[in-house]
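Asker: Pasting a structure here, questions to come.
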Amino acid sequence: MSVSRDDFSIAFRSALLQRGATQKFSIFSLIILAIVIFFLDVYGFKAIKTTRSFINDVVYRVTYLASTPTRIFPGIHQGIASHFNLKKENEELRQVIERYKSLDLNLEYISNENKNLKKVLDTENVESVSNVVLAKVLVDRNSPFLKSIIINKGSKEDIVKGMPVTQNKYLIGRIVETNYLSSRVLLLNDLNSRIPVTFDDKSTQAILTGGGTRKPTLSYLPEDFQFKEGITVFASGKDGIFTAGTPIGKTTDYGAVELFVDPNQLSYVTVNLIKPSKEVF
Amino acid sequence: MAKLNIVQKLFAAGPLILLYYLSISEIDTNLEKLFEVFSLNLQIIIIYFWIIKRPNLMGPGHIFLAGLINDVVMGFPLGISSLSYLLVCFVGNYVRNKSVNTTIASDWFTFFIALIFANLLFFTLLNNFSEVAISYAKIGYNTFFTLFMFPVFWLLFNFYKISFIGSQDA
């Protein structure tokens, strides 16, 4: 029995402390180092935050370079495919232009109607956002746990935590981490994402809740609410973070929201430099 | 002869390069576009296999660094992936010290223990010391598929080891 216990302790100690010929560190010393780094980072000392911000900027750029092959090869394939589909694409684009021309006429009418209705309601005039920063997506790593992207603009461009991020005016998420030259954007489908939204002709209020899946869901709805498919969901702006009326997606018949922008297909995004009225995260 | 040595060194560095590349690049093993719940932690499989078979190719210093890089890229608190990887490394070392001959079945069983310890530590720390919320269902799927896919990667890595590095185990 004692022999077996000795055996166990020898194997245990050896596994923790042994260093091979080419190994400079024992596992034990590295575990201690990892624990120290973890707690320094979690309890957020200023020096560590600055160091982490610098490390983030460097690693994100290396990640961008390292991921170049994965971006180039699908791009070449798409380029060849699109070359052969030019004629068909041209016809489709002509049809789209015609459709947009007719929509443009409608838009002018609706804009005027909207202005008049706002005057009637005597509400605060919501100015269109002109102070925006265009950013390139550096890293779009699809984690099973966190749905976020890294963009190439940071605190140097006056980006702060909480700012909304859009693509083609569609809301895609908000800034949750800023470094000097890069930022992390939490996407709407992340488990940690909660956005107040409004939709349908009754201006129903709800919270858009990310679930880590592709489609976020609507929660905190009125009792006995019946879901209808294809209704556009907008940010309500009640949190003082997102601009009211920013389109997000369309409802499905089971309470999820099909986002207008596929979170896995982001290349360029726009950060709206609106300072949130409260600290986020 | 010198040329052959460089090629051999490159092959021997293959697992470590793969580990670093998986940590730093956009490449992921989360195939949710094809199958919504499928995700696996290939880094843990790589570390465990090579620590058991060829520990000299996978030093703990490199494992620690790969974990730190992974944390930065994924947005986790620094050191959390390193801790879970080092725990896998520790279990692998222990199993190697205690066993003479290992088979795919015995490695699979001991990998299960390493994976449970590593994921338990990872998610306990994340849950208690971070504001990041994580779906327990996703953790379960990730653990299941990582365990389920281990024999496939065991065979692949074993083939690589026999073909390019040499068949003799550590």
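Readers should treat all values here as calculations from the given coordinates under stated rules, not as data from a laboratory. What you see is a predicted model; the values in this text were computed from it and never measured. In this analysis, Cβ positions are derived from the backbone assuming ideal geometry, glycine residues included, and neighbour counts consider all displayed protein chains.
Asker: Helix A:27-42 versus the longest principal axis of chain A: what angle, 0 to 90°, nearest 10, using Cα atoms?
Answerer: The two axes meet at around 30 degrees.
Asker: For a quick protection proxy, order the peptides B:37-48, A:89-100 by their average other-Cβ count within 10 Å, most packed first.
Answerer: Working: B:37-48: 22.6, A:89-100: 10.2.
Going from most to least packed, we get B:37-48, A:89-100.
Asker: Based on the Kirkwood radius over alpha-carbon pairs, what is the Stokes-Einstein translational diffusion coefficient of segment A:132-272 at 37 °C with 0.692 mPa s viscosity, in µm²/s?
Answerer: Working: Rh = 15.0 Å.
Translational diffusion coefficient: 218 µm²/s.
Asker: I've got another one for you. Which of the chymotrypsin sites (Phe, Trp or Tyr not before Pro) across segment A:218-259 are loop residues per DSSP, with 14 or fewer other Cβ within 10 Å? Don't skip to the end; give the middle numbers.
Answerer: Details: sites: A:Y220, A:F225, A:F227, A:F234, A:F242, A:Y254; in loops: A:Y220, A:F225, A:F227, A:F242, A:Y254.
Sites meeting the loop and neighbour criteria: A:Y220, A:F225, A:F227, A:Y254.
Asker: Another question about this same structure. Got a sec to turn the phi values of segment A:248-258 into Karplus ³J(HN,Hα) couplings, 6.51 cos²θ - 1.76 cosθ + 1.60 with θ = phi - 60°, whole Hz, x for Gly and Pro?
Answerer: 10, x, 10, 6, 10, 6, 10, x, 9, 10, 7
Asker: Same structure, new question: Give me Rg over Rh for the protein assembly as shown, both radii from the alpha carbons and Rh done the Kirkwood way, two decimal places.
Answerer: 1.04
Asker: Using only the alpha carbons of segment B:2-165, what is the convex hull's orientation-averaged projected area in square nanometres?
Answerer: Values: hull surface 40.9 nm².
Averaging across all directions leaves 10.2 nm² for the Cα convex hull.
Asker: Moving on. What's the lysine pair count for segment A:132-272 at a Cα cut-off below 16 Å, pairs eight or more apart or interchain?
Answerer: 11
Asker: Next question, about the same structure. Mind checking the mean number of beta-carbon atoms from other chains within 10 Å of the Cβ atoms in B:125-137? Walk me through the numbers on the way to the answer.
Answerer: Values: counts 4, 1, 0, 1, 5, 3, 4, 7, 8, 6, 7, 0, 3.
Whole-number average of other-chain Cβ neighbours for B:125-137 is 4.
Asker: What do you get for the angle between helix A:46-66 and the principal long axis of chain A? Use alpha-carbon atoms, 0 to 90 degrees, nearest ten.
Answerer: Between helix and principal axis, roughly 80 degrees.
Asker: How many lysine pairs in segment B:2-165, separated by 8 or more positions in sequence or lying on different chains, have Cα atoms less than 25 Å apart? Before the final figure, lay out each step's value.
Answerer: Working: B:K3/B:K161; B:K9/B:K53; B:K9/B:K161; B:K33/B:K138; B:K53/B:K98; B:K53/B:K161; B:K98/B:K161.
So the count of such lysine pairs works out to 7.
Asker: May I ask for the distance between the Cα centers of segment B:54-109 and segment A:31-73, given as a whole number of Å?
Answerer: Here the answer is 20 Å between Cα centres.
Asker: Would you pull out the residues with amide H under 5 Å of A:L138's amide H, same chain only if 5 or more places away, H placed 1.01 Å from N?
Answerer: Under 5 Å from the amide H of A:L138: A:I150, A:I151, A:N152.
Asker: Looking at A:L273, A:Y170, A:Q226, which one has the Cα that reaches farthest to the positive end of the dipole of chain A (charges on Cβ: Lys, Arg +1; Asp, Glu -1)?
Answerer: Among A:L273, A:Y170, A:Q226, the one farthest towards the positive end of the dipole of chain A is A:L273.
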